[in-house]
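The values are calculated or read from the model by the stated rules, or taken from the named source; none is laboratory data. Since the structure is predicted, the reported quantities are computational estimates derived from the model, not experimental observations. Cβ placement follows ideal geometry from the backbone for every residue including glycine, while neighbour counts extend to all protein chains displayed.
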Amino acid sequence: MTIRVAIADDQGLVRTGFRMILEDLPDLEIVGEASDGAQAVRLVESYRPDVTLMDVRMPVMDGIEATRRIVSRDPSARVLILTTFDLDEYAFAGLRAGASGFLLKDVLVDELASAIRVIAAGDAVVAPRVTRLLLDTYAHQFPAFSDSCSGAPPHGLDRLTLREREVLLLVAGGLPNAEIATRLTVSETTVKSHVASILTKLNLPNRVHIVIYAYENGLVANREERGCSRQSMATGGTGTG
């Protein structure tokens with residue numbers, strides 16, 4: 001099946017470069033380009049691409065607002081945010097606006113193509129080093145896991161089994177399913193099953209929002225600085241398994 005892709009970037013050379021790279025792949029088709037966020041919104045409404053590659057910093061309307069409008073009008077729309085910067089100040093806002101992924105523009109061709117395919121299939125992608133940078137920069141802005149190590153767990157955490165909590169932490173750290181499977185010595189299919197269960201129990205749309213949930217609840221902040229251990233998170237609540 002051919003995946004239809006739209007490209008939104010204010011730099012013509014960037015759009016041309018992405019087009020040339022992606023059009024060489026037999027399963028990807030470029031259906032249109034936009035040079036600002038407002039054009040991107042209209043482009044998506046007109047052509048209904050499977051995935052839109054969205055720059056963050058554009059004139060008229062930035063990529064964050066464009067993403068918000070696109071997803072609010074069509075929750076099934078898939079947006080992959082791309083930026084030149086290691087940590088764009090709008091990165092977290094983009095994910096919260098409904099983007100299905102966030103990558104750096106220096107990503108390898110194979111990784112970009114893989115991310116497009118993953119997002120088109122309904123999953124989400126966040127580059128591990130972007131996740132790490134987001135954590136280092138934004139973790140302090142979110143509430144701690146609890147006021148004390150023995151405090152109440154975040155909303156919904158008690159619904160997860162111990163294994164699901166392990167998977168949640170690894171997903172929040174930006175690890176792909178294959179690496180999680182290796183670390184936990186289980187199959188990738190088992191990891192996918194755990195991720196699906198986490199999404200259902202926490203009522204989250206995709207794995208990007210697992211990251212957001214973990215950040216907002218302080219689950220991936222530097223717990224050692226607060227005198228807490230990962231075990232306190234794993235054993236809190238009533239989930240078993």
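Here are some conditions: (1) closer than 18 Å to T83 by Cα; (2) within 22 Å of the chain's Cα centre (by Cα); (3) assigned to a loop (DSSP other than H, G, I, E, B). D10 meets all but one. Which one does it not meet?
The number of the failed condition is (2).
Cβ contacts < 7 Å: first residue touching a residue at least 12 places away in the same chain (Cβ under 8 Å) and at positive phi, restricted to segment 174-185; second residue not basic (K, R) and not in a loop (DSSP other than H, G, I, E, B), any location; separation 6+ or different chain. Result?
Taking only residues 6 or more apart or on different chains, the pairs are G174/V126; G174/P128; G174/T131.
Tell me, please, whether a residue that is in a helix (DSSP H, G or I), over 19 Å from D123 (Cβ atoms) and either of a type outside the set (D, E, K, R) or at pLDDT below 90 (or both) can be found in segment 50-62. Give the steps one after another, and end with the answer.
Narrowing segment 50-62 to residues in a helix (DSSP H, G or I): none.
No, because not a single residue in segment 50-62 is in a helix (DSSP H, G or I), over 19 Å from D123 (Cβ atoms) and either of a type outside the set (D, E, K, R) or at pLDDT below 90 (or both).
Tell me whether segment 207-222 contains one or more residues that are over 22 Å from G122 (Cβ atoms), outside any loop (DSSP other than H, G, I, E, B) and modelled with pLDDT under 90.
The answer is yes, given that some residue of segment 207-222 is over 22 Å from G122 (Cβ atoms), outside any loop (DSSP other than H, G, I, E, B) and modelled with pLDDT under 90.
Among the residues of segment 168-201, what is the count of those that are in a helix (DSSP H, G or I) and within 25 Å of E216 (Cβ to Cβ)? First the steps, then the outcome.
Start the filter on segment 168-201 by keeping residues that are in a helix (DSSP H, G or I), which leaves 168-172, 177-184, 188-201.
Those left that are additionally within 25 Å of E216 (Cβ to Cβ): 168-172, 177, 179-180, 183-184, 191-201.
Final tally of qualifying residues: 21.
Check segment 29-43 and report whether any residue there is within 22 Å of V125 (Cα to Cα), under 18 Å from the mean Cα position of the chain (by Cα) and modelled with pLDDT of 95 or more.
no
I need the full set of residues from segment 170-185 which are modelled with pLDDT of 90 or more and surrounded by fewer than 18 Cβ atoms within 10 Å (Cβ to Cβ), in order please.
T182, R183, L184, T185
For every residue, the table says whether it meets (1) among the charged types (D, E, K, R); (2) at negative phi; (3) surrounded by 22 or more Cβ atoms within 10 Å (Cβ to Cβ).
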site: R4; (1), (2), (3): yes, yes, no
site: I30; (1), (2), (3): no, yes, no
site: M54; (1), (2), (3): no, yes, yes
site: L104; (1), (2), (3): no, yes, no
site: I119; (1), (2), (3): no, yes, yes
